[in-house]
Every structure is written in structure tokens, then in C-alpha cells.
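See structure below.
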Amino acid sequence: MQIPLRCYLIEFKFRFVYFLLSFFLSLLVVINYHEAVFFFETYTFLFINEGAFIATHIAELFSTSMYISFNLVLCINYPFAYYHCSRFFNSSWYKSQVWFFKNMQSLTFITFLASLLLCYFLILPYTYAFLDTWTVTIVYAFKVQLEARIATYVCWTLQTMCLLSNIVYLFFTRLICFYLVDNMINLHLFFRKNKKYTFFFVCLSASVCLPQESFIQITFIISIIVLFELFFLVTCLFFAKNNV
């Protein structure tokens, strides 16, 4: 009776060792190109304050570099971890379970990666531009000058990117749940009932959170409205299909 369990434990041990080996080799490669990693991580801050950063102690650059490399290697090795998990569980799963796991993991990785890139190249630059407008000011006799600390900047950037990516992922997961439960009927009814309130909330959020530039706010509001209308069109198609 212990032979199957022993076989599973041996296979799990070898696959875990392979993953750790791949992780540490990738970490060595990334650390070897730490300058390129630093440049990629601080690219969104390049046009603010001339991309200047400060470090408060001697080990801050090293710890920041390791923090960036560790997170980057985790993202790089995600497909390899998925491969080992799928191969380990395939022998005891039904085909429907394998199909569901494969599609869910693929959707997770694609959604997470796409939302990370969207946040990094579109959302964060405008956020930093908005925050930088608060530094160019004179209060009585004091002049405020921005000096960004490298460790704080990197931690805040990565945490914000992961937070927004998880929000996008949860949104798509909830959307799939609506599709599987009732083919988006209740979602269509809810969205049709609260459509005006949603547009008002979008306009209010844009006027409060975005920089006070008409072009940025109008572009953001138009983009969100177009996306909402396309999403509403999709729910209308599902609603009409279920009521024909």
C-alpha cells in the first residue's frame, strides 16, 4: 500500500528539485544583467526628476536588486511550474479536469502578464506625472524638491502592479463565473439598471484622480465608455441568445 505513495513522493521530489534548479539558474542570469533589470524597472520614472534616485545605506542597492530579480524570476518560471504541476496531476485526473486546469492557468498567466504590462507602461507613468505635480510648489519660504528613494520606489511599483493585476484577474474570473452560472443574464440586467451610475462614477473618478489636463481626462473617459459599451454589447448578445 505504500508503493504508490512512495512513487508520488519520489516524483514530487524530483520535479521540485528541477524547479528549484531552474529558479536558481534563472536568478543567476538575471543578477548578471542587473543593470538592464534596474533600467527596465525604473523606466516609468525616467521622465520625472531626470530619473534620479537616492539610497540611504550601502546595502540598499543590493537588496533592491535582489528583490527585483526574485520577482522577475518568479514570473519567468511560472510556465515551468505549470508544466510540472500539470504533468504531476495528469495521471490521476479526468480529461475534463485536465482541460479546466490547462485553460484556467493559461488564462491566469495571460491576464496577469497583460495587466502588468498595461499598468507599467500606461497607468504608472500618468500616476507619477500626477504625483510629481505636487512637488513643484513653494509654500511660503520652503521649496519642495523630489528625491525618490530607490527601495521605496521599487517596492511601491511592484506592489501596485501586482494589486492592479490581481484586480483585473478577479474581474475576469468573476466574468467567467457569470458566464458559467446563467450565461450572463443577471449581469446584463444589473449593468443595464446601473449604467448611468457607472458612467457618473467613472467621470467623477477621472476628475479627482487623474492630472488636471483636459486631454488626459477626456481620453481616459472616452476609452472607459467605449470599453463599457463593448462589454454591454457582449452581454446583450448573450441575453438575446437566451431569450430567443
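The values are calculated or read from the model by the stated rules, or taken from the named source; none is laboratory data. Only a predicted model underlies this, so the values are computations on that prediction, with no experimental measurement involved. Positions of Cβ are generated from backbone atoms using ideal geometry, with glycine treated the same way; all protein chains shown enter the neighbour counts. To get the accessible areas, we keep the full protein, side chains included, count just its heavy atoms, and leave off ligands, DNA and RNA. Shrake-Rupley method; radii C 1.70, N 1.55, O 1.52, S 1.80 Å.
Observations
- PHE130 vs. criteria open to solvent by 80 Å² or more (accessible area, probe 1.4 Å), of a type outside the set (S, T, N, Q) and modelled with pLDDT under 80: no
- Residue match in region 134-141 (condition: of a type in the set (Ser, Thr, Tyr), surrounded by 12 or more Cβ atoms within 10 Å (Cβ to Cβ) and modelled with pLDDT under 75): yes
- Any chance GLU213 is among the acidic types (Asp, Glu) and modelled with pLDDT of 80 or more: no
- Of the helices (runs of 4 or more DSSP H) entirely within region 1-113, those holding at least 1 residues that are within 30 Å of TYR153 (Cβ to Cβ), open to solvent by less than 50 Å² (accessible area, probe 1.4 Å) and touching a residue at least 60 places away in the same chain (Cβ under 8 Å) occupy 34-41, 60-76, 78-89.
- Residue match in region 47-60 (condition: assigned by the TED database to the domain that holds LEU117 and modelled with pLDDT of 80 or more): yes
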